[in-house]
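A short worksheet on the structure shown next.
The values are calculated or read from the model by the stated rules, or taken from the named source; none is laboratory data. The model shown is predicted, which means the values in this text are computed figures rather than measured ones. Virtual Cβ from ideal backbone geometry, glycine too; neighbours counted across all protein chains shown.
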There are 4 protein chains.
Amino acid sequence: MNSEVVALDDELTVEGFQRLVDEYVSERGWRKYHKPKDVAISIAIESSELLELFQWKPDPPETGKLDKGLKARIGEELADIVIYCACMANALDIDMSEVLLDKIKKNRRKYPAEKVAKAKDWDEVRSIRSKPSEKNGDD
Amino acid sequence: MNSEVVALDDELTVEGFQRLVDEYVSERGWRKYHKPKDVAISIAIESSELLELFQWKPDPPETGKLDKGLKARIGEELADIVIYCACMANALDIDMSEVLLDKIKKNRRKYPAEKVAKAKDWDEVRSIRSKPSEKNGDD
Amino acid sequence: MNSEVVALDDELTVEGFQRLVDEYVSERGWRKYHKPKDVAISIAIESSELLELFQWKPDPPETGKLDKGLKARIGEELADIVIYCACMANALDIDMSEVLLDKIKKNRRKYPAEKVAKAKDWDEVRSIRSKPSEKNGDD
Amino acid sequence: MNSEVVALDDELTVEGFQRLVDEYVSERGWRKYHKPKDVAISIAIESSELLELFQWKPDPPETGKLDKGLKARIGEELADIVIYCACMANALDIDMSEVLLDKIKKNRRKYPAEKVAKAKDWDEVRSIRSKPSEKNGDD
């Protein structure tokens, strides 16, 4: 297994990552805990831990000046979130690679680049999204 | 670009996904909105939208019986979360593939499979995690 | 101040509570930190800490059997959330008592008791909420 | 009932508010839905809806200039959160007034006003909180 992890190091595929998470979980006998509702709760909790890193703080003015320790912690929290997302996908037989690509395609259609790039602010972006036919666009 | 998307379809790598999100965002001129604090807020909001799909509902008793429409919506919300995680990684020059692999390795050490698999419940798992030297004080 | 706190003990009003939070915050020189966006982040983080108390656990089968320590921790997390809500109200000159009563009145109209009480499940409750005139009323 | 609501209008007590929420919920037959785990999920979802009002936006530079419509929406979201907190308290026989006062007292001790008011930033506030005897690492 460890050799496999190393092997994947250069070019981890989304599918390989999803399988790696499955192995990690299964080896520990944790599949039984991974009911979708609880995994959704866990994703929300991890997202909140990421958010906590920005609480009471101004936005870092320039990314280049980001404190190295903070960057490492953000990376870890991001990983926690994405790993739990893989747990959810595994629990429900969802192909992460497929839903990611589908969503990006859908978003590309929803927000046509040429129109959106001209928008002055985010409110204008939103107005582009909602087509005239839909009555007051939900999200 | 679209041809590239199709080409990636079979074996999307984490790095390729991260680049794809970057293109999607850059083409729309959205990099300027992606301040880390706001992206962290967005991840939390999307996580809450995923959670909403389970609100007031018992856990689906068996995954196989999961309603197809619900499964599709869960997939979309998962994608939204992971896409925003990629936005954060892009905004801060974080290599997602690297932080994902690092975190799985770290978790493997933190929760040794052979010990953890014998735990009767999650509380016992937690007690394994905290080594005798640390005086409780987990998060 | 402490005498006031004691005096309020028997019949704390919402307005008195809001003032008490204001005093607590002002005495510490914390008003300057309480920008609405950061307070909203803090409310989300505290809500997540409450949620964490239920992570990986089945619903307590009967409230009467709830572990006393757990009940105390839930009470504390609830208090943290409501205290931050008062901070937000104070930061924006919102009268909590007023918005609470307004919202309950609004909800009473939105969900007429006699109709809603007959609903078989939550999905039926939702369908009552959306009046025939609104086209598929999401929230 | 409505007459009572009106009567309470001038000086809503926390206890009266908690009772009002109980009546609202009980009349609709909703107590059965209010399992603590689901109520905690609901509080998190409402908190996220509040957060959404600040997504992608700079902090309002001055409270006085806050858009009136936005202020009303913030008030409504705050109310939703606090109402669900009352639902949780009702579901678990928690006296909100008591836990609120207890928490404020506890926080007053944890952050002594005279010391905290001199702190230059939030990091210094945190260092005051953790007493020398505890080896860092609470929250």
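Tabulated data
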| item | result |
| --- | --- |
| Verdict on C:Leu101 being more than 18 Å from C:His34 (Cα to Cα) and either acidic (Asp, Glu) or buried (at least 17 other Cβ atoms within 10 Å of the Cβ) (or both) | yes |
| All positions within region A:38-55 that are touching a residue at least 40 places away in the same chain (Cβ under 8 Å) and either more than 10 Å from chain C (Cβ to nearest Cβ) or hydrophobic (A, V, I, L, M, F, W, C) (or both) | A:Val39, A:Ala40, A:Ile43 |
| Residues that are more than 17 Å from A:Ser26 (Cβ to Cβ) and at the interface with chain A (Cβ under 7 Å from one of its Cβ atoms), drawn from region B:106-117 | none |
| Residue, surrounded by the most Cβ atoms within 10 Å (Cβ to Cβ), within region A:56-80, restricted to residues that are under 14 Å from the mean Cα position of the chain (by Cα) and within 7 Å of chain B (Cβ to nearest Cβ) | A:Leu78 |
| Subset tally (residues that are of a type outside the set (Val, Ile, Thr), touching a residue at least 24 places away in the same chain (Cβ under 8 Å) and closer than 29 Å to C:Trp56 by Cβ) for region D:19-37 | 4 |
| Region D:3-23, residues that are within 15 Å of C:Val99 (Cβ to Cβ), modelled with pLDDT under 50 and β-branched (Val, Ile, Thr) | D:Val5 |
| Output for region A:81-93, where each listed residue is surrounded by 21 or more Cβ atoms within 10 Å (Cβ to Cβ) and within 7 Å of chain B (Cβ to nearest Cβ) | A:Ile81, A:Val82, A:Ile83, A:Cys85, A:Met88, A:Ala89, A:Ala91 |
